[in-house]
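Following: one structure in structure tokens, then a few remarks.
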Amino acid sequence: MSGWIDAHNHLQDARLGDHDSIIRSMREAGIEKCIVNATREDDWSKVESLAIAHPDFIIPAFGIHPWHAHTACPGWQERLTALLIKYPQSSIGECGLDRWIDSPSIEIQTPIFIDQLRIARELNRCATIHCLRAWEPLFDAFKHQAPPEKFLLHSFNGSIEIAHRLIPLGARFSFSGYFLKPEKSRTIEVFRQLPPELILLETDAPDMTPPAEFTTHPLAGNLNHPANLPAISDTLAKALHTSPEHLADLTRANTVDCFTIS
């Protein structure tokens, strides 16, 4: 069985504490690599430093999260482009749209998102997209700027109808352990209906903590340790009526394809 790849986390987040200890636990758990996503320009350098320190393990993603769209400073597009060119395996993330929050408004978020789609398409890089209660604004944004050939809807919790609209555009979908909660069973049912070759696994650590019974590496404050990924994978495999070995191999291959990992 191949090792796992965490398709989306935030290892640069200070809440996780000592990076070396976290990464050591991840490796011991069988995780081979992970995509570490920035959320704003202020942490691009933190993600970059982690990628330099662990080049065989961390694949960086640089972007501006919709919650931080208001922090974008003039010239950010050029600085982002330069960083992506500097790291050929990097992707754009985390970007997207969010109407669960009131501020920054969707009107502030949208042009920042559209610019990131443009850059991703120009450089032929995958984009990791956060979309919460904003599906129609997302499709409207795609009318203004087509997405790159491949993009990931991380922690996907949309309907199968939304997925069917996204798939022809190049979408992939990652599952996080938060959706193992009994009240989130609808999300598992959606993943049962997705084409297997489009399913990825993620932790979104230190957030989206799975239920306690699927948390093998508990952290203070109910934070999510990225080494919980194998337990998340095994539990999802049962729900999808497949073997843990098959799901691990499948999602690893899907992540390699999505992010063009060498």
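Every number here is computed from the coordinates shown, using simple stated rules; none is lab data. These numbers come from a predicted model, not from an experiment. Ideal geometry is used to build each Cβ from the backbone, glycine not excepted, and the neighbour counts take in all protein chains shown.
Amide H contacts for T128 (H built 1.01 Å from N in the peptide plane; partners 5 or more residues away or on another chain; cut-off under 5 Å): I92, G93, C95, L152.
Here region 82-127 and region 20-72 have alpha carbon centers that stand 16 Å from each other.
Volume of the convex hull of region 4-259 (Cα atoms only), normalised per residue: 116 Å³.
The simple spin-label model puts a point 7 Å past each Cα toward its Cβ; for K184 and I160 those points are separated by 2.0 nm.
Using the count of nearby Cβ atoms within 10 Å as a rough guide to exposure, how do C34, C73 rank from fewest to most?
C73, C34
For region 1-93, the alpha carbon positions stretch 44, 28, 20 Å along the principal axes, listed from largest to smallest. Remark: relative contact order (region 29-169) = 20 percent; criterion is Cα-Cα distance under 8 angstrom and separation of 6 or more residues.
Under 8 Å for C-alpha pairs, at least 6 residues apart: give me the relative contact order for region 157-206, rounded to a whole percent. Before the final figure, lay out the partial values.
Details: 35 pairs, mean separation 24.7, N = 50.
RCO, region 157-206: 49 percent.
Only the Cβ atoms of Lys and Arg (+1) and of Asp and Glu (-1) were treated as charged; on that basis the dipole of region 1-145 about its Cα centre amounts to roughly 260 debye. Charge tally for T255 (other residues, Cβ to Cβ under 13 Å; Lys, Arg +1; Asp, Glu -1): -2.
For a paramagnetic label modelled on A53 (point 7 Å from Cα along Cα→Cβ), amide N atoms under 16 Å away belong, within region 218-262, to 226.
The charge dipole of region 4-259, taken about its Cα centre with unit charges on the Cβ atoms of Lys, Arg (+1), Asp and Glu (-1) only, comes to about 340 debye. For region 166-262, chymotrypsin sites (Phe, Trp or Tyr not before Pro) meeting the loop criterion (DSSP other than H, G, I, E, B) and having at most 11 other Cβ atoms within 10 Å: none.
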